[in-house]
Amino acid sequence: MKRIITGGAGFIGSNFIYYMLNLHPEDEFICLDKLTYAGNLENLTEALEHKNLKFVKGDIADRKFIYDLFEAEKPDQVINFAAESHVDRSVLYPDEFLNTNIMGTGVLLDACRKYGNIRFHQVSTDEVYGDLPLDRPDLFFTEKTPLHASSPYSASKASADLITQAYHRTYNLPVTISRCSNNYGAYQFPEKLIPLMIWNAEHDKQLPVYGEGKNVRDWLYVEDHCHAIDLILEKGKIGEVYNIGGHNEKTNMEVVTMILEKTGKSTDLIKHVTDRPGHDRRYAIDPTKIHDELGWEPETPFAKGIVYTIDWYLSHNEWMEHIMNGSYDKYYETMYKDREHKFAR
Ligand code: NAD
Ligand code: TYD
């Protein structure tokens, strides 16, 4: 079995490569990644020692490049992690999101059709469902919840989902889609909440909490996500969508306070800053379908996963410093300079 993993040098993609090399060491894997600011070959240092992993640098939206690759490699399966993935960046620069997330997915689907009806899995997100009100804890996203995206990021992912489903219905392409809640764990780029707050806490920098910090996210340890995708590839029903989430809802303030507690830092570091435009209030997944049909359930409780994650970041200073030495400072300045004033309560 030969599998192309797009976006494999990013956070979840690299975790997935380690997970799969361990579980299916006899398979061949091709990591295809454009190495944007979020792609980092250092994430794959150990994985690349494995004889069955090959790295190819390229853009999923580059049709000629993708067709040539498929022609040469003849893959059996494509798992598409490649995406622009950060909501705040999508607010500032939506066009790159439309190009990679929509056009890029379209090119991969065309290649799957052209080179032998190849099995395609689209790694999607619960954000395609929009958000839920904070005062209705009884509501959850199911696979039947209508798509109702809020940000350019989530709208581009919702578009990719619709195109993926259309290729199944129209061309009978063997596809599946998974929609997962927020992931955390090793190798996550420190623009996202958890690694950003760990780094700032450790360096006694302010922790910028958007608005009051009451927004809720449903956190899942990244290896539990990898396990779910592997099950879908093995046993999932073609044409179906599977929601992935572990009923682990936390407000942003709960997460940030926990990080401060575990790093032994004061809550005085918290700074409430101007809110994100269109900020989704609550995400909450109903994972009944993947549990009942495929037997999936999360294995890592948050209390354990967050300690492991904090330890990982604190013991990978070099990894962090290489990122910090790049364009990160400029990003941080652009993203947070206009948020200086305290949130008005
Ligand atoms: P990430 O930003 O860490 O990694 C994305 C990877 O895609 C990077 O390695 C980047 O170089 C690569 N990439 C970007 N544009 C590309 C292009 N045009 N061609 C080839 N490669 C390209 O993202 P992540 O957090 O690992 O997310 C991976 C996938 O999972 C995304 O599709 C995202 O929508 C989805 N997802 C993420 C989360 C989460 O909490 N992080 C939750 C649910 C779903
Ligand atoms: P993020 O990790 O960007 O994931 P997403 O927006 O895709 O859920 O953000 C998680 C939550 O944390 C979200 O409600 C926004 C909030 N947040 C902050 O309060 N401060 C920050 O500096 C960041 C990056 C996020």
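The values are calculated or read from the model by the stated rules, or taken from the named source; none is laboratory data. The shown structure was predicted, so the numbers you read here are calculated from the model rather than taken from an experiment. Virtual Cβ from ideal backbone geometry, glycine too; neighbours counted across all protein chains shown. All accessible areas refer to the heavy atoms of the entire protein, side chains included, with ligands and DNA or RNA removed. Shrake-Rupley method; radii C 1.70, N 1.55, O 1.52, S 1.80 Å.
The condition of being more than 25 Å from Phe11 (Cα to Cα), of a type outside the set (Lys, Arg) and open to solvent by less than 40 Å² (accessible area, probe 1.4 Å) holds for only one of Tyr184, Tyr167, Tyr153, that being Tyr167.
When the residues of region 86-99 are filtered to those that are within 16 Å of ligand 2 (Cβ to nearest atom) and of a type outside the set (D, E, K, R), the one that is most open to solvent (accessible area, probe 1.4 Å) is Tyr93. Looking only at residues in region 140-150 that are touching a residue at least 60 places away in the same chain (Cβ under 8 Å) and within 15 Å of ligand 2 (Cβ to nearest atom), which one is surrounded by the most Cβ atoms within 10 Å (Cβ to Cβ)? Among those residues, the one meeting the criterion is Phe141. If the condition is being hydrophobic (A, V, I, L, M, F, W, C), farther than 14 Å from Ile306 by Cβ and within 16 Å of ligand 1 (Cβ to nearest atom), then region 199-223 contributes Trp199, Val216.
None of Thr288, Thr300 is buried (at least 17 other Cβ atoms within 10 Å of the Cβ), of a type in the set (Val, Ile, Thr) and either under 22 Å from Ile229 (Cα atoms) or touching a Ser or Thr at 6+ places or on another chain (Cβ under 9 Å) (or both) except Thr300.
Go over the candidates Phe29, Phe55, Phe65 one by one and state the one that is on the phi < 0 side of the Ramachandran plot, assigned to a helix (DSSP H, G or I) and among the aromatic types (Phe, Trp, Tyr). Just a single option satisfies the conditions, and that option is Phe65. Filtering region 158-212 to residues that are touching a residue at least 40 places away in the same chain (Cβ under 8 Å) and among the small types (Gly, Ala, Ser) leaves Ser159, Ala160, Ser178, Ser181, Gly185, Ala186, Ala201, Gly211. The residue that is farthest from ligand 1 (Cβ to nearest atom), counting only those in region 187-198 that are closer than 16 Å to Asp88 by Cβ and open to solvent by 10 Å² or more (accessible area, probe 1.4 Å), is Leu193.
Being within 9 Å of ligand 1 (Cβ to nearest atom) and part of a helix (DSSP H, G or I) is true of Asn43. Taken over region 72-96, residues that are more than 9 Å from ligand 1 (Cβ to nearest atom) and under 22 Å from Ile4 (Cβ atoms) amount to 8. When Ala72, Ala111, Ala83, Ala38 are screened for being small (Gly, Ala, Ser), surrounded by fewer than 20 Cβ atoms within 10 Å (Cβ to Cβ) and either touching a residue at least 60 places away in the same chain (Cβ under 8 Å) or assigned to a helix (DSSP H, G or I) (or both), only Ala72 passes. Among the residues in region 278-286, are any within 30 Å of Thr170 (Cα to Cα) and more than 15 Å from ligand 2 (Cβ to nearest atom)? The answer is yes; a qualifying residue exists.
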